[in-house]
1. Amide H neighbours of B:Cys227 under 5 Å, counting only residues 5+ apart in sequence or on other chains, H built in-plane at 1.01 Å?
2. Determine the calculated [θ] at 222 nm for the protein assembly as shown from helices alone, applying -39500 (n - 2.57) to every DSSP H run no shorter than 4 residues and normalising by the residue count; nearest 500 deg cm²/dmol.
3. Short version: ³J(HN,Hα) in whole Hz for each residue of the range A:30-41, in order, from phi by Karplus 6.51 cos²θ - 1.76 cosθ + 1.60 (θ = phi - 60°), x for Gly and Pro, what are they?
4. Could you work out how far helix A:464-475 tilts from the main Cα principal axis of chain A, as a 0 to 90 degree angle to the nearest 10?
5. For the range A:89-231, state the average projected area of the convex hull of the C-alpha atoms over all orientations, rounded to one decimal in nm².
6. Name the residues whose placed amide hydrogens come within less than 5 Å of the amide hydrogen of A:Ala189, ignoring near sequence neighbours (fewer than 5 apart) on the same chain.
7. Have a look at the DSSP beta bridges in the protein assembly as shown and tell me what percent are antiparallel, nearest 5.
8. Residue separation times 0.36 nm, minus the C-alpha to C-alpha distance between A:Thr117 and A:Ile404: what's the value?
Amino acid sequence: MLGQDLVGVSSIHSTPVYQILLTRKYLTSKIMPLLAAIAVVLCTAMVLITWSVMGGFLKNLVKSGRTMIGDVAIVWPNVGFAHYEDLIEMLEADPMIEAACPMIESYGLAHLPGDRTELVVIKGVDGPSFDRVTGYAETLYWKPLTAPHPKDKQQRDWRNRSHGLWEQKYRDGLGLKEYDANTDRQVGAAVLGIEVSGYNIRELWGGYTPGVVVVPQTDGTTRDVQVLMFDETITLNLLALDGSGRTVDTKTRKIPVANEFQSGLYDIDKQTVIVNLDVVQDMLNMDQAERIDPDGVDDPFRVVIDPLTGLESLGAGPAMLIDPARVTTVLVRGVDSEGDPRLLAERCREIYAKFAAKHARVPPAENIRISTWEDQNRTLISAVKKETGLVLFIFSFISLTAVILVLAIFWSMVSEKTKDVGVLRSIGASRSGVAMIWISYGLAIGLMGSLLGGALAYAIVLNINPIHDWMGEALGLTIWDPRVYYFVEIPNEVESDKAVIVMLGGVLSSVVGAMIPAIRAACLSPVRALRFE
Amino acid sequence: MPLLEVQNLQKTYRLGRVSVPVLRGASLSVEEGEFVAVLGASGSGKSTLLHLIGGLDRPDRAESVIRFQGESIYGMSAGGLDRYRARTVGFVFQFYHLLPELNVLQNVMIASMVRHGFAFSARRTGVRARATGLLEAFGLGSRLRHRPAELSGGERQRVAIARALMNEPRLLLADEPTGNLDRKTGDAILDALGRIRAESRQTVIMVTHDAHVAARADRVVKLEDGCVVAEHSRPLV
Ligand SMILES: Nc1ncnc2c1ncn2[C@@H]1O[C@H](COP(=O)(O)OP(=O)(O)O)[C@@H](O)[C@H]1O
Ligand SMILES: [Mg+2]
């Protein structure tokens with residue numbers, strides 16, 4: 001009672017308008033507004049949690065889509081273009097550009113252990129420069145872990161042990177080379193997407209363990225063999241084209257697997273094989289070579305440059321041609337990773353134009369394909385956008401629930417307070433003044449509910465992974481199964497602009513919900529309200 | 001010119017297809033400083049009359065006239081009527097009609113808060129002093145922080161009167177102010193009203209079904225069949 005008295009005295013001293021006084025009194029003396037506020041808290045929290053997790057999920061998806069492709073790609077598919085080292089040098093001299101690297105993109109057939117054959121996307125790259133542009137090293141799967149995988153509580157992850165081995169695998173994977181004992185040389189190697197072979201088993205804790213195949217033995221029995229892809233060899237079939245795009249022949253080569261990578265995007269991890277650039281260039285006849293000019297005629301006075309000594313001499317015999325090494329793609333990474341990739345693409349086009357002016361036999365600047373990571377992920381991004389739209393659509397329904405809850409609760413409160421409305425009108429309150437009581441009441445509940453809801457959502461999203469783990473342990477509930485969702489951890493970031501939007505939405509919903517009861521109160525006939533029993 | 005002039009007041013309630021004519025041309029004139037009692041049976045339309053005079057309800061027809069200081073109150077805009085209720089009249093009801101969430105002091109001060117709106121904060125101190133003074137005059141000085149639910153009927157009615165007087169109305173309208181009280185408590189309320197009359201020559205219109213209560217007024221009129229039928233005056237006290 002004492003506390004109430006203090007509140008009574010202070011409120012009359014600090015509130016200029018009777019609506020606020022009444023709002024405060026109704027708030028502190030009734031259970032109904034508490035229910036309304038709780039409804040707003042829950043709705044706000046629910047919407048914000050869903051949006052944050054969903055948004056984080058979609059962001060991760062786009063981020064994964066960005067790995068392996070850099071910011072801008074300069075592409076002349078299949079045939080490729082020469083003098084790319086010069087282009088890369090020109091690109092890297094530009095202040096907007098952080099790094100650039102060569103790549104050959106092609107399709108091939110990969111023959112895997114256990115007689116599996118898969119159609120794969122081949123990316124021929126030079127490991128270190130590819131890493132500088134795309135952060136490729138991050139995606140290498142077999143590497144020593146500094147800390148155990150967050151969900152791997154029982155430390156079942158192979159990568160927690162034998163660090164020396166993983167260190168070696170990591171280096172091999174990054175360099176795309178492996179030591180070959182037969183020839184005592186480093187040979188070009190491949191790195192497979194973690195899902196390409198199908199032999200890796202995705203565990204509940206989010207990582208992979210090499211799987212087992214049943215191998216029939218000659219004596220009729222079978223044996224279980226664990227397939228360690230990173231120790232295997234694959235056979236790659238590629239279709240070689242010559243400089244003018246004509247099919248030359250099919251090349252087959254055995255290539256050791258140095259490591260596997262996980263980009264975070266299933267399609268990429270399922271279909272992509274990264275191969276040492278030298279190997280791919282060699283297989284596709286895109287390396288530098290002296291070849292017979294198919295269009296040339298025998299010309300006894302032709303000047304021939306010896307590729308080894310650089311000396312010029314008068315040649316005879318068939319017309320020869322130095323075919324410089326080619327790649328299909330140059331990937332570019334901008335200095336500002338958050339910047340607009342279209343500006344960077346523009347820049348690349350200008351640089352390419354200069355490059356094309358310098359070299360006679362490269363594709364003309366008007367024809368070269370220059371695309372941003374956004375262009376390349378268009379389907380993914382549009383899917384993401386569609387999904388965001390769907391989520392927002394669902395949210396509007398959730399918000400509608402909040403509006404209706406507030407409306408219902410306020411409606412019954414107006415009924416309960418009909419007599420007060422009559423009394424206030426009898427002492428001179430206007431219709432709009434009476435309506436304002438309910439609107440400011442709705443505003444107060446909206447503000448309180450939204451702030452608390454925002455705080456609740458923030459606390460939950462921040463700790464969503466521990467909470468989820470606890471639910472898994474205590475209740476046996478696993479909603480976010482890493483085997484299904486591909487991201488090991490639930491996104492746990494609340495963006496402040498989303499929080500502001502959702503909280504404003506909560507306030508607005510409450511005010512809108514209060515509006516109709518407020519109008520009803522305003523329309524009450526004061527006489528009827530006074531006679532109301 | 002009389003302070004209040006009521007002419008040919010008509011009011012019919014409609015319940016579905018049935019019309020209930022309550023006032024059928026009531027006329028009444030009240031001078032400044034007068035204490036008029038309207039005596040009528042229950043259901044004769046006393047409350048209806050008072051609500052119309054106080055600007056809470058509207059009469060049926062254009063012929064019905066209520067003039068306050070010569071100005072027709074139903075010619076006023078909605079805002080004008082709100083101001084009329086806030087400044088010019090003060091209502092006292094049979095069932096007190098206090099706001100249950102507010103304490104006694106707040107119940108009185110709210111009349112001033114409604115009247116002044118945002119300008120209230122500047123007047124807070126003065127308003128508070130006036131409200132406290134009124135409540136003390138009604139013997140409620142020690143009950144300022146109490147909720148209406150903690151008061152007796154007589155105490156509640158005194159709070160209601162203090163609220164009605166808060167904005168110094170020209171016209172006090174009392175609707176059976178003792179109707180819900182026992183004789184002794186009712187008499188105390190009437191004594192209080194009488195004191196106010198004596199101190200400030202407050203104009204009062206009180207409706208009641210109780211001739212004993214009506215006898216406290218300077219003048220008693222009767223409401224019968226929707227008309228003010230008989231008047232008899234006695235000299236001012
Ligand atoms: N809103 C209403 N609808 C229908 N009839 C009403 C309404 N208000 C009052 N009445 C009727 O009008 C008559 C007069 O009511 P009222 O003015 O309260 O009388 P009194 O105050 O003299 O008892 C009563 O018969 C009552 O039933
Ligand atoms: Mg009555």
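The values are calculated or read from the model by the stated rules, or taken from the named source; none is laboratory data. Note that the coordinates shown come from a computational prediction; the quantities given were computed from them, not determined experimentally. Ideal geometry is used to build each Cβ from the backbone, glycine not excepted, and the neighbour counts take in all protein chains shown. Areas reflect the complete protein model, heavy atoms only, side chains present, ligands, DNA and RNA absent. Shrake-Rupley method; radii C 1.70, N 1.55, O 1.52, S 1.80 Å.
1. So B:Cys227 has HN proximity to B:Arg24.
2. On the way: 25 runs with 339 residues, N = 770.
Calculated from helices alone, the mean residue ellipticity at 222 nm is -14000 deg cm²/dmol.
3. Per-residue couplings from phi come out as 10, 8, 4, x, 4, 5, 4, 5, 5, 4, 5, 3 Hz.
4. Between the helix axis and the principal axis of chain A, the angle is about 80 degrees.
5. Values: hull surface 49.9 nm².
Average projection, Cα convex hull of the range A:89-231: 12.5 nm².
6. Sorted by chain and number, the residues that satisfy this are A:Lys177, A:Glu178, A:Asn276.
7. Just about 75 percent of them are antiparallel.
8. 97.5 nm
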